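Note sheet for the following structure.
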Amino acid sequence: MKDINEMLSDIKSELSLTLNAAEYMLWINGLTGVAYTTERIIVCAPSENSRRALEDNYAFKFLDACAAAGYPFKEVTFTTEKDAHLFTDETPPAPSAEEIAAAKNQRKNPFVERYTFENFVVGDSNRMAFSTAKNVAENPGVNPGFINMNPLYIYGGVGLGKTHLLHSIGNYLFENNPSVDVVYMPAHKLSNEYFSALSQLSSDSNALRKFEEKYSSVDVLILDDVQFLQKKGGLQDVFFKIFNDLYVKGKQIILASDRPPKEINDIEDRLRSRFEGGMMADIWTPSIDTRVNIIMKKLESIKVKLDDDVIFYIAEKVNTNIRELEGALSRIIMYSQLNGSRPTLSLAKEALKETEEKNDVVDSNRIIAAVSDYYHVPSADIIGKKKNKAIVEARMMAIYLVYDLLSLPLINIGQIFGGRDHTTIMYSRDKILSSLTGDGKNDKIIKDLKETLNVE
Ligand code: ADP
Ligand code: MG
């Protein structure tokens, strides 16, 4: 018989995959287990307000997560500490092996359900990535005309929708082309699997071959966060073989990373050139219009209405990435539910106050995101090596602000900016410094950016 809290922790991990971090922390993290029967699980919420919100908004998601974790409950009851004793004598018979297997079988689609093309808001910042991803999902392994779509390599900063697009490809194929065998793997998991195969070699001499075969036999291989593909231990050699195997068979390979191949330091050249050999699409910080559209889409899906001024306030304020945008939105909705008051502009401001205080701690990511937004240059390029005029200007400004606001040693700033030498950092800093006249263009930009970052 499984311990209720052990069970709950499996269910929570499933929920952490489907909910965004803020929702998860607000509603799920604090739950504790009370009891369960074959049909029903009873969990305790920290307050009556959150109990009610859970009952209204999360019961289905909770049951989905139970099924995904292999617990075939049909019902969930949310209670609070005060009433928990009413349920504690429900005697828990363990779900049978068949029941667990049956529930696991129900979990046919391995992709995150809400990460679909339909739920993806398209704007200038992600149009290219969206349309190439869609194209590949519709015609995996087929290159239209002279355009080589294999591999498709999507890159851009955190929280900008890369994983969402990768799962959209998976979901699309699952729906429309179920015979296609699609595998999605984050690179760090692939690394773990590889090293565990290596360690089994002494007892199972085929362990490595099985690993290789598992991936060489798929129709579509999706590898997320490829910057984490470890160089040590021969993993990249094996992956190179898998890549070539798939490639010659015309199987589709899709990769995503926070940076372009040439800026991943820890990667073998031959693999890098393979990654660069197909279609590359970058995603950058969405414009304010796109942010507004994303908020509206989100509200539509959770059936919540917000006034235009509130929507605009969030869109304007949260300019780093979409994950944070969703977090801010959840926070406001939760805040209004907990307080039982309408989500007005002043309530929204109140709700985001804490994050604002947190945001007062400027870090280099926030500085780079703000500069990226201001200059319309992707963060990846600011850190990266490209040298066109706009990028160089944005980069110098970002370097200057990191220097000015964080007072870090030049060597460390160099590391933040893609491993640049400290003399390069000094050069950028001095270049900006010498351009400041008190009321010139750069003075104004610095003033605006500091305002955005909430400093001084
Ligand atoms: P990344 O993998 O680039 O770090 P994710 O794909 O995990 O980012 O996206 C973070 C969150 O933002 C997810 O909840 C995702 O659904 C949402 N998101 C990102 N881009 C969009 C978009 N264009 N439209 C709607 N939601 C988006
Ligand atoms: Mg991701």
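The values are calculated or read from the model by the stated rules, or taken from the named source; none is laboratory data. Being a predicted model, the structure only gives us computed values, none of them experimental. Backbone-built Cβ (ideal geometry, glycine too); neighbour counts: all protein chains shown.
Tabulated results
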read-out: Hey, Gly170 at pLDDT 90 or above and within 12 Å of ligand 2 (Cβ to nearest atom) or not; value: no
read-out: Scope segment 122-170; condition away from ligand 1 (no atom under 15 Å from the Cβ) and among the acidic types (Asp, Glu); matching residues; value: Glu138
read-out: Inter-residue pairs, beta-carbon under 8 Å, first closer than 15 Å to Leu235 by Cα and in segment 202-215, second part of a loop (DSSP other than H, G, I, E, B) and among the hydrophobic types (A, V, I, L, M, F, W, C), 6+ apart; value: Ala207/Leu201; Leu208/Leu201
read-out: Tally, over segment 131-158, of residues that are farther than 21 Å from Ala369 by Cβ and under 18 Å from the mean Cα position of the chain (by Cα); value: 2
read-out: Top-ranked residue in segment 124-145 [being outside any helix (DSSP H, G or I) and in contact with a Lys or Arg (Cβ under 9 Å, 6 or more places away or on another chain); ranked as farthest from Leu165 (Cα to Cα)]; value: Gly141
read-out: Residue in segment 196-215 that is at pLDDT 95 or above, in contact with a Pro (Cβ under 9 Å, 6 or more places away or on another chain) and over 21 Å from Ile294 (Cβ atoms) present; value: no
read-out: Filtered residues of segment 9-18 (kept if within 26 Å of Lys82 (Cβ to Cβ), of a type outside the set (D, E, K, R) and surrounded by fewer than 22 Cβ atoms within 10 Å (Cβ to Cβ)); value: Ser9
read-out: Condition check for Pro286: touching a Phe, Trp or Tyr at 6+ places or on another chain (Cβ under 8 Å), part of a loop (DSSP other than H, G, I, E, B) and crowded, with 18+ Cβ neighbours inside 10 Å; value: no
read-out: Members of segment 200-237 found to be within 28 Å of the chain's Cα centre (by Cα), assigned to a helix (DSSP H, G or I) and either aromatic (Phe, Trp, Tyr) or away from ligand 1 (no atom under 16 Å from the Cβ) (or both), listed by number; value: Phe211, Glu212, Lys214, Tyr215, Ser216, Phe228, Lys232, Gly233, Gly234, Leu235, Gln236, Asp237
read-out: Residue satisfying condition, being touching a Leu at 6+ places or on another chain (Cβ under 7 Å) and either within 9 Å of ligand 1 (Cβ to nearest atom) or farther than 15 Å from Ala348 by Cβ (or both), within set Ile322, Ile314; value: Ile322
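Residue-wise test of (1) without any contact (Cβ under 8 Å) to a residue 60 or more places away in the chain; (2) surrounded by 16 or more Cβ atoms within 10 Å (Cβ to Cβ).
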| site | (1), (2) |
| --- | --- |
| Glu300 | yes, no |
| Asp308 | yes, no |
| Ala315 | yes, yes |
| Asn321 | no, yes |
| Ser330 | no, yes |
| Ser341 | yes, no |
| Val362 | no, yes |
